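Have a look at the structure that comes next, please.
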Amino acid sequence: RVLVRVQDLIPEKADQLIWLRARVHTSRAKGKQCFLVLRQQQFNVQALVAVGDRASKQMVKFAANITKESIVDVEALVRKVEQKIESCSQQDVELHIERIFVISQAEPRLPLQLEDAVRPDGEGEEEGRATVNQDTKLDNRVIDLRTTTSQAIFRLQSGVCQLFRETLIKKGFVEIQTPKIISAASEGGANVFTVSYFKTSAYLAQSPQLYKQMCICADFDKVFCVGPDPPEKSKGLRAEDSNTHRHLTEFVGLDIEMAFSYHYHEVIDSITDTMVQIFKGLRDNFQTEIQTVNKQYPSEPFKFLEPTLRLEYTEALAMLCEAGVEMGDEDDLSTPNEKLLGRLVKEKYDTDFYVLDKYPLAVRPFYTMPDPNNPKYSNSYDMFMRGEEILSGAQRVHDAQMLTDRAIHHQIDLEKIKAYIDSFRYGAPPHGGGGIGLERVCMLYLGLHNVRQTSMFPRDPKRLTP
């Protein structure tokens, strides 16, 4: 018995008798008929059980009593329809059911209704129709993930990972896997998660930073990894920080590190080109998903330039100053100023994606290479989508003595980063890289407003389940 996919139900299949397995999305009994909407992932089709259409009264009653979200097998005749069925993805056909079996029955009371969960904010309020708040959605994530919006978001997210991998492999990168349990805070900070480890303590690695760099020292030349990163507590667990719309206590990092020949801009070019290939791939292959999400969360299409716009930090300060923002030339950008800068860049250059280069050295980690021409600045950069940071990166200090001096300057306990510094004692090529937050990329590409929407099972200070 071959089961047909809902998305393959097209007019060419008219008058064929088919088998189909799907969920009961909605059902409506009307006299001697029962209308069902059968759903499979983001696709659905109207189905009809009618007395005389090889169905008895008992069968109509049986169909009408199947609970929503139950999984059923149906044998049905595919029929063309005169008028398009606007409420379904398969608009040109319907199914006339001849046999129906319940494979798995759902409980009659659902914790949330799928049609409420995909209703745009504010829509239906005057008719008193419900929308579902975010906590209810996340508490019942398995059901929320069945909605067309969630299905679209996570299929697009899968696409981001696939495009990231494919692009970098074509560029000669090697994918690596790095340890998540480490013996000491790799970057010297005290703000890491501690875990008990046999008779001692270990820490969760904040990022694959140390291991990416060790692979460059080991002559892998260009590496990347995709995996979970718990941020430092200082970034991830300050209550005011991690309870924002864009922070999680665990996120998926898309990390890149590469040796370069003459200038760290080779690294920037490689990363920005990778991002552009991702944006193009999403634009060309994921329109259905983008439009599905847009129905619930409307946003402007994502704009980018080729080659990517690169601004220097001083230029950004001048743009902000012109807009009335007073900032010292060695101050870091606050979130409101980042967003304002994003709007100013969009107005002036018509792009949602750009690089900010040459950050002040004082606001970057100890392993960042100072700018050789101006000791106040550094060879470091951030990348932004719709005015929010998605990547932080830099040329790294690859000389052990210079790294030691920089660590002392930052008052870091050298004993804690001994393994890190030692990896540069046996010859290390000049290199740089960066880390991208997958959930942020998806959130900002789709113009969503909360990173929890693009994290399948989000973790924040208040949420450890499901």
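When you check Pro458 against the structure, is it open to solvent by less than 10 Å² (accessible area, probe 1.4 Å) and either in the same structural domain as Asp135 (by the TED database) or in a loop (DSSP other than H, G, I, E, B) (or both), yes or no?
Details: open to solvent by less than 10 Å² (accessible area, probe 1.4 Å): yes; either in the same structural domain as Asp135 (by the TED database) or in a loop (DSSP other than H, G, I, E, B) (or both): yes.
For Pro458, the condition - open to solvent by less than 10 Å² (accessible area, probe 1.4 Å) and either in the same structural domain as Asp135 (by the TED database) or in a loop (DSSP other than H, G, I, E, B) (or both) - is met.
Any residue at all in segment 58-79 that is assigned by the TED database to the domain that holds Arg99, of a type in the set (Lys, Arg) and touching a helix residue (DSSP H, G or I) at 6+ places or on another chain (Cβ under 9 Å)? Before the answer, list the steps.
Narrowing segment 58-79 to residues assigned by the TED database to the domain that holds Arg99: 58-79.
When the remaining residues are screened for being of a type in the set (Lys, Arg), the result is 61, 68, 79.
Those still in the list that are touching a helix residue (DSSP H, G or I) at 6+ places or on another chain (Cβ under 9 Å) too: 68.
Yes, segment 58-79 has at least one match.
Please give the number of the condition Lys57 fails out of (1) touching a His at 6+ places or on another chain (Cβ under 7 Å); (2) open to solvent by 50 Å² or more (accessible area, probe 1.4 Å).
It is condition (1) that Lys57 fails.
Here are some residues: Phe384, Phe424. Which one is assigned by the TED database to the domain that holds Cys225 and touching a Cys at 6+ places or on another chain (Cβ under 7 Å)?
Working: Phe384 fails: touching a Cys at 6+ places or on another chain (Cβ under 7 Å).
When all the criteria are applied, what remains is Phe424.
Among the residues of segment 24-41, is there at least one that is within 23 Å of Val2 (Cβ to Cβ), among the polar types (S, T, N, Q) and outside any loop (DSSP other than H, G, I, E, B)?
Quick first cut of segment 24-41, residues within 23 Å of Val2 (Cβ to Cβ) only: 24-25, 36-41.
Applying the additional criterion that residues be among the polar types (S, T, N, Q) yields 40-41.
In the following step, the residues that additionally are outside any loop (DSSP other than H, G, I, E, B) were identified as 40.
Yes, there is a match, as at least one residue in segment 24-41 is within 23 Å of Val2 (Cβ to Cβ), among the polar types (S, T, N, Q) and outside any loop (DSSP other than H, G, I, E, B).
Quick check on Thr148: is it over 21 Å from the mean Cα position of the chain (by Cα), open to solvent by 30 Å² or more (accessible area, probe 1.4 Å), modelled with pLDDT of 90 or more and not small (Gly, Ala, Ser)? Can you show your working first?
On the way: over 21 Å from the mean Cα position of the chain (by Cα): no; open to solvent by 30 Å² or more (accessible area, probe 1.4 Å): yes; modelled with pLDDT of 90 or more: yes; not small (Gly, Ala, Ser): yes.
When the stated conditions are applied, Thr148 does not pass them.
Restricting the search to segment 93-125, which residues are among the charged types (D, E, K, R), surrounded by 14 or more Cβ atoms within 10 Å (Cβ to Cβ) and not in a helix (DSSP H, G or I)?
Result: Glu94, Glu98, Arg119.
Can you pull out the residues in segment 204-222 that are under 21 Å from the mean Cα position of the chain (by Cα) and either within 23 Å of Leu163 (Cα to Cα) or open to solvent by 30 Å² or more (accessible area, probe 1.4 Å) (or both)?
Hits for segment 204-222 are Ser207, Pro208, Gln209.
Go through Gly427, Gly432, Gly393, Gly387 for me and flag whichever is touching a Gly at 6+ places or on another chain (Cβ under 6 Å), farther than 20 Å from Leu282 by Cβ and either in contact (Cβ under 8 Å) with a residue 24 or more places away in the chain or open to solvent by 30 Å² or more (accessible area, probe 1.4 Å) (or both). It would help to see each step written out before you state the result.
Details: Gly427 fails: touching a Gly at 6+ places or on another chain (Cβ under 6 Å); Gly432 fails: touching a Gly at 6+ places or on another chain (Cβ under 6 Å); Gly387 fails: farther than 20 Å from Leu282 by Cβ.
Answer to the selection: Gly393.
Of the numbered conditions (1) modelled with pLDDT of 90 or more; (2) touching a helix residue (DSSP H, G or I) at 6+ places or on another chain (Cβ under 6 Å); (3) among the charged types (D, E, K, R), Arg246 fails exactly one; give the number of that condition.
(1)
Output the number of residues of segment 406-424 satisfying the condition of being outside any loop (DSSP other than H, G, I, E, B), open to solvent by less than 100 Å² (accessible area, probe 1.4 Å) and acidic (Asp, Glu).
1
May I ask you to verify whether Glu166 is part of a loop (DSSP other than H, G, I, E, B) and either at pLDDT 95 or above or not hydroxyl-bearing (Ser, Thr, Tyr) (or both)? I'd like the intermediate steps shown before the answer.
Details: part of a loop (DSSP other than H, G, I, E, B): no; either at pLDDT 95 or above or not hydroxyl-bearing (Ser, Thr, Tyr) (or both): yes.
Here the answer is no, as Glu166 does not meet what is asked.
Also: Is there any pair linking a residue in segment 93-109 that is of a type in the set (S, T, N, Q) to one that is open to solvent by 30 Å² or more (accessible area, probe 1.4 Å), with Cβ under 7 Å and at least six apart or on different chains, and which?
Ser104/Ile71
The values are calculated or read from the model by the stated rules, or taken from the named source; none is laboratory data. Please read all numbers here as calculations on a predicted model, not as lab measurements. Note: ideal-geometry Cβ built from the backbone for every residue, glycine included; neighbour counts use all protein chains shown. What goes into the accessible areas is simple: the full protein's heavy atoms, side chains included, and nothing from ligands, DNA or RNA. Shrake-Rupley method; radii C 1.70, N 1.55, O 1.52, S 1.80 Å.
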